[in-house]
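The values are calculated or read from the model by the stated rules, or taken from the named source; none is laboratory data. The structure displayed is predicted, hence computed values, not measured ones. A quick note on method: Cβ atoms are made from the backbone with ideal geometry, for glycine too, and the neighbour counts reach across all protein chains shown. Remember, those area values only see protein heavy atoms, side chains included, never the ligands or the DNA or RNA. Shrake-Rupley method; radii C 1.70, N 1.55, O 1.52, S 1.80 Å.
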Amino acid sequence: MRTHTLCFQEIDRAKLMVAGGKGANLGELSRIGGIRVPEGFCVTTEAYKKITENNQELNGLLEELTRLTLAEKEKISELSAKIRITIERIPIPSDIAAAIAGNLTPLGEKAAFAVRSSATAEDLPTASFAGQQDTWLNIIGKEEILKYISKCWASLFTDRAVIYRLQNGFHHHKVHLAVVVQKMVFPQAAGILFTADPVTSNRKVVSIDASFGLGEAMVSGLVNPDSYTVRNGKIIDKKIATKELAIYAVKEGGTKEVEIGPERQNSPALTDEQIIQLEGMGRTIEGHFGRPQDIEWCLADGTFYIVQSRPITTLFPIPEENDQAYHVYISVGHQQMMTDPIKPLGLSFWLAMTQAPMRTAGGRLFVDIQPLLASPASREKTIGMLGQGDPLIKDALLTLVEREEYTRSSPDDKTQPDESAANKVMSWTFPAGFVNDPAIAADLINHSQTSIEALKQNIQTKSGSDLFEFILEDLQQIKKDLFRTKSLDLIMVVQHASSWINKNMMTWLGEKNAADTLSQSVPNNITSEMGLALLDVADVIRPYPDVIAFLQRVKADNFLDQLVKFNGGKETQQAIQAYLDKYGMRCAGEIDLTNTRWSEKPGILVPLILNHLKNFPPGASKQKFGQGLQEALKKEQELLERLRQLPGGSEKAEETKRMISLIRNFAGYREYPKYGMVNRYFVYKQALLKEAERLVQANVISEKQDIYYLTFEELREAVRTNKLEYQTITKRKAEYRQYEKITPPRVSTSDGEIIAGKYHRENLPADAIAGLAVSSGVIEGRARVILRMEDAEIEDGDILVTTFTDPSWTPLFVSIKGLVTEVGGLMTHGAVIAREYGLPAVVGVENATRLIKDGQRIRVNGTGGYVEIL
């Protein structure tokens, strides 16, 4: 049996580990009827292993390489160069050389060939590795081909390939290289075809780039290609570039650049008929592989040849539907301030308690709002409501519904899910006879707390199948709490009052966003109280230097038990434990039940406590709350005095005072329903982890956290039967790692198209970065770009720049002077707490964590809604 070479006809996708990604895909392409692939063969990974496995010099260098990190780029470059030289010097054994020669003979030894790298970690559904290894074109003669095969093997260790593997978690020892040797085609034109639009992700659109000669001129950026967009056999867009250069193969071997005459520079590289033909071939190939493809093609003597096809790995998945209807999806993560993927168990809980028509894709939740967009009346309300919180969503939806093809494909469907939360919000009107009594909020909070205490007691008696039935029943309690009419009324009353204040104070007094100041230091805000309470914990620790020194070096999460040996340790332990008893169910990404809670890893809080000790004097908690309260009362008095000077001023002042009272009485309650939900989540989680421990002891799963990768129903069945297909967990862990690398869209469709919104803003300063103004004021300071709360190193006066914040970030808010986030809306967590603390804030700033560098001095204009890099 030959192991060192395989011709394409002997290869299919099952041969990935011997032919590499490129080789396996070429073998598959060769099997598709109507698709022409230039003839060729693979020098397999067995050949690569034979020449490298027992080379002591090479293995020593590889060991050095495995110890390097991404930060050591100079060392990576130096070591990679040594490895490449070492591989190229290894002579190819005679049996491998003979096998290669045997495959060259029937193809013509004097023919020209492309010699192309094909790694085992390449052209995969989860990682393309495109362009990481090298390709050489128009190589003629056996000795030259052998030389370039060695160069291909060596290119497994280009700087870019090594760095890419480090970034994607591939071990250098476990990636092997095959080499594709393929007969050259000398094309008049070549290019790339995507069977889904690479910009919008629309799966119904084919995107084609084309230029004259070999595709290398286009890939290397020497020329701008023609660009064609095709849908269902119709060219819907065509851009013809000026093509001044092309790369062609030369007779003696190698390639050369050729200038294109002026008369041809603006000629299309393809005819309309060829474009349509190419679209059809792309759809055929996509159908064979079962997913969107990135395809390399060339056109020679009127015939299209396919020289590569790989999965497009950057597309966000489409929610699965059981129909062929058109759907429009809104990201739940952008509303809930958690755009990271959620594990299957966490998704199960959301789906079990929601009233909205939710779907899942890429580990995220989406709501299908197409029924609400179908009729003009509900469309206007829906877009208006969503636009209040996030202008980018509004602009994206307006872009979509104004399209001619959207109107054609979307019938005037007047049916609406009457009980959905969205409909309740959209149809909300100020309740007749509403009593402005703060006791309403207090009663709702007391009812929730009583219910949670009962849950904690009752769940202790449940196990096995009874536990799962009990949790399903209790989830109905969350639904009642979240969607209770009284609860919704309080939240909507505050939104109504804030909108009224902002609109009328601007009209009557020229005062912009007045409600922001009036919202500071309101009662009953469980989240802002949580931030201030950690300042009180710091005050308990402040007198005890031994405890502080211990916390500065602590690593383990069992540090609470070790505190008692220090002077002040018992007091510290009690203070931190009391904080955890009230707030320990919170964490980053808390809407995912599976995420680690502070009570499970209290070490997360230590850097925040140390920051507070460094940045604040004793009593800062009361001082901050009192300062905010004074500013709010002062603003109220100032507004009312100015209003009374106006015509009809007494009536205006009286109504304004009523609206301010609504804000002061009920704005704090906005944060409580989620706190109650997360409380219940943690109770469920602790009970389910006890069941997981039994599954570990029964050897059904390897570790307790494995249950996070099962749905609620799958976990219930595993507990009932003590059986499980463990490969389900392995597969989902791999999927989750892939989901972490992709970013969910705010708005997308069932075609896979991502609709991007824009800010339409005039009179912004030059180079300002636009966002949504959610908390008034202007502040300058040092940007601290922080992606994980536990990594925060905050100094007084810093401005926090991050992707999103949820309640777990609140303890940081007391230390900062301003806030910038990539995700957020007017009523999301970061906005509410920024107003409560009086922090200028701009949210919805696209790519803020990349555009703003850590340490840069920036200006945040929370009144105008933009950021300037100073």
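Miscellaneous remarks
- Using the rule -39500 (n - 2.57) for each DSSP H run of four or more residues, divided by the residues of the chain, the 222 nm mean residue ellipticity is -14500 deg cm²/dmol.
- For region 92-249, relative contact order (Cα pairs under 8 Å, six or more residues apart, normalised by length) works out to 18 percent.
- Relative contact order (%) - the chain, alpha-carbon pairs under 8 angstrom, separation at least six: 12 percent
- Here the spin labels are modelled as points 7 Å beyond Cα on the Cα-Cβ line, and at LYS690 and GLU64 they lie 5.7 nm apart.
- Overall size of region 793-870 from C-alpha positions, given as principal axis extents largest first: 27, 25, 20 Å.
- Legend: calculated FRET efficiency, TYR726 to THR284, from the Cβ-Cβ distance at R0 = 45 Å, rounded to 0.05, equals 0.75.
- Note that region 78-91 has calculated 3J(HN,Hα) couplings of 5, 5, 4, 4, 5, 5, 4, 4, 4, 5, 5, 7, 6, x Hz, one per residue in order, obtained from phi through the Karplus relation 6.51 cos²θ - 1.76 cosθ + 1.60 (θ = phi - 60°); glycine and proline are x.
- Counting only Cβ charges, +1 for Lys and Arg and -1 for Asp and Glu, the dipole size of region 550-622 around its Cα centre is about 280 debye.
- Rounded to the nearest 20 debye, the dipole size of region 181-340 about its Cα centre is 140 debye, using +1 on the Cβ of Lys and Arg and -1 on the Cβ of Asp and Glu.
- P(r) tail fraction, region 699-756 - alpha-carbon pairs more than 16 Å apart, %: 56 percent
- Gain on full stretching of the segment that runs from LEU851 to ASN54 - 0.36 nm per residue minus C-alpha separation: 282.2 nm
- Once the chain from LYS73 to ASN232 is taken as fully extended at 0.36 nm per residue, the excess over their C-alpha distance is 52.6 nm.
- Extending 7 Å from Cα along the Cβ direction at LYS142 and again at GLN697 yields two label points whose distance is 6.9 nm.
- Viscosity 1.002 mPa s, temperature 20 °C, Stokes-Einstein D of region 308-394 from Kirkwood C-alpha radius, µm²/s: 147 µm²/s
- Among beta bridges that DSSP assigns inside the chain, antiparallel share in %, nearest 5: 90 percent
- Shown here for region 550-608: trypsin sites (Lys or Arg not before Pro) in loop regions (DSSP other than H, G, I, E, B) with at most 12 other Cβ atoms within 10 Å, namely LYS555.
- Annotation: amide H-H contacts under 5 Å for ALA783 (H modelled 1.01 Å from N, sequence separation of 5 or more, or interchain): ILE799, GLY855, GLN856, ARG857, ILE858.
- Global geometry of region 437-576, whether rounded, prolate or oblate, following the gyration tensor of its Cα atoms and the 1.5 cut on a/c: oblate
- Trypsin sites (Lys or Arg not before Pro) within region 837-870, DSSP loop, no more than 15 other Cβ atoms inside 10 Å: LYS853
- Mean projected area of the Cα convex hull of the chain, taken over all directions, amounts to 43.0 nm².
- Where a label projected 7 Å from the Cα of THR429 along Cα→Cβ would reach, residues of region 457-485 with amide N under 20 Å: 485
- Ranking ILE833, PRO292, VAL307 by Cα position along the charge dipole of the chain, where only Lys, Arg, Asp and Glu carry charges on their C-beta atoms, puts ILE833 farthest toward the positive end.
- Principal axis dimensions, largest first and in whole angstrom, of region 49-202 by Cα: 50, 46, 23
- Per-residue Karplus couplings for region 660-673, computed as 6.51 cos²θ - 1.76 cosθ + 1.60 with θ equal to phi - 60°, are listed in order as 5, 4, 4, 4, 5, 6, 10, 4, x, 5, 3, 8, 6, x Hz, Gly and Pro entered as x.
- For region 724-816, applying the loop criterion from DSSP together with a ceiling of 14 other beta carbons within 10 Å to the GluC sites (Glu not before Pro) yields GLU725, GLU740, GLU762, GLU793, GLU795.
- Test item: Cα-centred dipole of the chain, Lys/Arg +1 and Asp/Glu -1 on Cβ, debye: 820 debye
- Backbone geometry of region 398-403 corresponds, through the Karplus equation with coefficients 6.51, -1.76 and 1.60 at θ = phi - 60°, to 3J(HN,Hα) couplings of 5, 4, 5, 6, 7, 6 Hz, x marking Gly and Pro.
- Between GLU380 and THR507, the FRET efficiency estimated from the beta carbon spacing at R0 = 35 angstrom works out to 0.90.
- Where the chain is the region considered: accessible area per residue in Å², 1.4 Å probe: 44 Å²
- Accessible-area composition of the chain, carbon plus sulfur, in percent [1.4 Å probe]: 49 percent
- Structural descriptor for region 257-312: relative contact order 23 percent, calculated from alpha carbon pairs under 8 angstrom and at least 6 residues apart.
- Compactness check for region 765-835: Cα Rg over 2.2 N^0.38 Å is 1.04.
- Percent of beta bridges antiparallel (DSSP, region 727-821, rounded to nearest 5): 10 percent
- Extending 7 Å from the Cα toward the beta-carbon at both ARG160 and LYS256 defines two label points whose distance is 2.6 nm.
- Square roots of 5 times each gyration tensor eigenvalue, C-alpha, region 659-733, largest first, Å: 40, 12, 9
- Here's how it looks for LEU710: its modeled amide H is under 5 Å from those of LEU345, which are all 5 or more places away or on a different chain.
- On the beta carbon distance between SER267 and LEU107, with R0 = 35 Å, the FRET formula returns roughly 0.55.
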